[in-house]
Ligand SMILES: *[C@@H]1O[C@H](CO)[C@@H](O)[C@H](O)[C@H]1NC(C)=O
Ligand SMILES: *[C@@H]1O[C@H](CO)[C@@H](O)[C@H](O)[C@H]1NC(C)=O
């Protein structure tokens, strides 16, 4: 009998302990997208273990000097709590502190893919504060007023171009973005409006010109990025708080345009299109054929399907070209393995 009491007591004790557990995810001084990617991976994992705090001291996207961050923009501030030492103390437990590298290690250990986790996370977390939602609504109303189809382009220069050059990888050219839209979407993407988003003024201008000529689209632009040559993270981090805050809201408006446009072209060299992909597919349930990766990898989900049918069509036209690209790639992956 005594053993039973002890057992019950231990059980109650454990339940109480579990309820008090907590995790603090640490954001870095890197940009919006890499940090939010980690958050989306991490959220469905660590909420298994009590409260989830976000320490965004180093993150430049704030509207308050202290204690803000996620909750300055998102209404999901009960799900992701902006960390302060006082809030952690009030919970009565020292939280487990995790950095991006710990999230990666945990994902590796569990063998879970990130796509499902990210999908779960955006459904819980992607809700804006009313003030942000209001300007987002105004932007989306403008999008609705544009001629269809709307094709959003994310043209990222700045420190991403520098980064790629340093790693001897070729940045995607304006021509490549437009060609990719045509290749992936065909004539369905023609004759509407091209929504040109991003940071580098020159690259965006060139893309607009080529898009207009090749897709026959009208051009829609947003207020230009404050820095002509594009976004440099270390420079952005030095800007005054009010400017970083306002810029983040403007950036979220761009994000929503990319999410809601009929078609989207970006590159997986940058993290933002990975988030856009999740928002389009998991939140809005958009057709996966409407998203294209313009990088050399063409790593968007639908490309292998497109490629298979393109090669087939070529063969039927009597061209003696072997479906070489497809055959080489499929040595590693069977048809079934990429269909499920
Ligand atoms: C759960 O949280 C507690 C701190 O509250 C921590 O000690 C423990 O390691 C966490 N467990 C996991 C699996 O993360
Ligand atoms: C934004 O638009 C949605 C849908 O049209 C509406 O339900 C919501 O109330 C609007 N929010 C704000 C803050 O204007």
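Going by the conditions given, is residue 115 more than 15 Å from ligand 1 (Cβ to nearest atom), assigned to a helix (DSSP H, G or I) and modelled with pLDDT under 95? Answer is yes for this residue.
Answer yes or no as to whether residue 36 is crowded, with 18+ Cβ neighbours inside 10 Å, touching a strand residue (DSSP E or B) at 6+ places or on another chain (Cβ under 6 Å) and either touching a residue at least 12 places away in the same chain (Cβ under 8 Å) or assigned by TED's automatic domain parsing to the domain that holds residue 121 (or both).
Numbers: crowded, with 18+ Cβ neighbours inside 10 Å: yes; touching a strand residue (DSSP E or B) at 6+ places or on another chain (Cβ under 6 Å): no; either touching a residue at least 12 places away in the same chain (Cβ under 8 Å) or assigned by TED's automatic domain parsing to the domain that holds residue 121 (or both): yes.
Against the criterion (crowded, with 18+ Cβ neighbours inside 10 Å, touching a strand residue (DSSP E or B) at 6+ places or on another chain (Cβ under 6 Å) and either touching a residue at least 12 places away in the same chain (Cβ under 8 Å) or assigned by TED's automatic domain parsing to the domain that holds residue 121 (or both)), residue 36 does not qualify.
Suppose the filter is away from ligand 1 (no atom under 15 Å from the Cβ) and either in contact (Cβ under 8 Å) with a residue 60 or more places away in the chain or in a strand (DSSP E or B) (or both); does residue 45 pass it?
Details: away from ligand 1 (no atom under 15 Å from the Cβ): no; either in contact (Cβ under 8 Å) with a residue 60 or more places away in the chain or in a strand (DSSP E or B) (or both): yes.
Answer is no for this residue.
For the range 166-181, the count of residues that are assigned by TED's automatic domain parsing to the domain that holds residue 262 and within 23 Å of residue 144 (Cβ to Cβ) is at least one. The set of residues from the range 207-238 being in contact (Cβ under 8 Å) with a residue 24 or more places away in the chain and in a loop (DSSP other than H, G, I, E, B) comprises 216, 217, 222, 223, 225, 227, 228, 229, 230, 231, 232, 237. Being under 17 Å from residue 189 (Cβ atoms) and in contact (Cβ under 8 Å) with a residue 12 or more places away in the chain is a description that does not apply to residue 299. Quick check on the range 169-177. Is at least one of its residues buried (at least 16 other Cβ atoms within 10 Å of the Cβ), touching a residue at least 40 places away in the same chain (Cβ under 8 Å) and outside any helix (DSSP H, G or I)? Yes, because at least one residue in the range 169-177 is buried (at least 16 other Cβ atoms within 10 Å of the Cβ), touching a residue at least 40 places away in the same chain (Cβ under 8 Å) and outside any helix (DSSP H, G or I). Of all the residues in the range 268-307, those that are buried (at least 17 other Cβ atoms within 10 Å of the Cβ), out of contact with any strand residue (DSSP E or B) (no Cβ under 6 Å at 6 or more places or on another chain) and part of a loop (DSSP other than H, G, I, E, B) number 6.
For the range 101-109, the criterion of being within 20 Å of the chain's Cα centre (by Cα), more than 26 Å from residue 281 (Cα to Cα) and loosely packed, with under 15 Cβ neighbours inside 10 Å is met by at least one residue.
Residue 134: modelled with pLDDT of 95 or more and either touching a helix residue (DSSP H, G or I) at 6+ places or on another chain (Cβ under 7 Å) or more than 16 Å from ligand 1 (Cβ to nearest atom) (or both), yes or no? So residue 134 fits the description; yes. The set of residues in the range 48-76 that are within 16 Å of ligand 2 (Cβ to nearest atom) and not in a helix (DSSP H, G or I) comprises 74, 75, 76.
Looking across the range 121-147, the residues that are under 20 Å from residue 279 (Cβ atoms) and away from ligand 2 (no atom under 16 Å from the Cβ) come down to 121, 122, 123, 124, 125, 146. For the range 82-100, how many residues meet the condition of being touching a residue at least 12 places away in the same chain (Cβ under 8 Å) and either near ligand 1 (Cβ under 10 Å from one of its atoms) or more than 21 Å from the chain's Cα centre (by Cα) (or both)? Count: 11.
The values are calculated or read from the model by the stated rules, or taken from the named source; none is laboratory data. Computed from a predicted model, the values in this text were never measured in an experiment. Don't worry about glycine lacking a Cβ; one is built from the backbone with ideal geometry, like all the others, and counts go over all protein chains shown.
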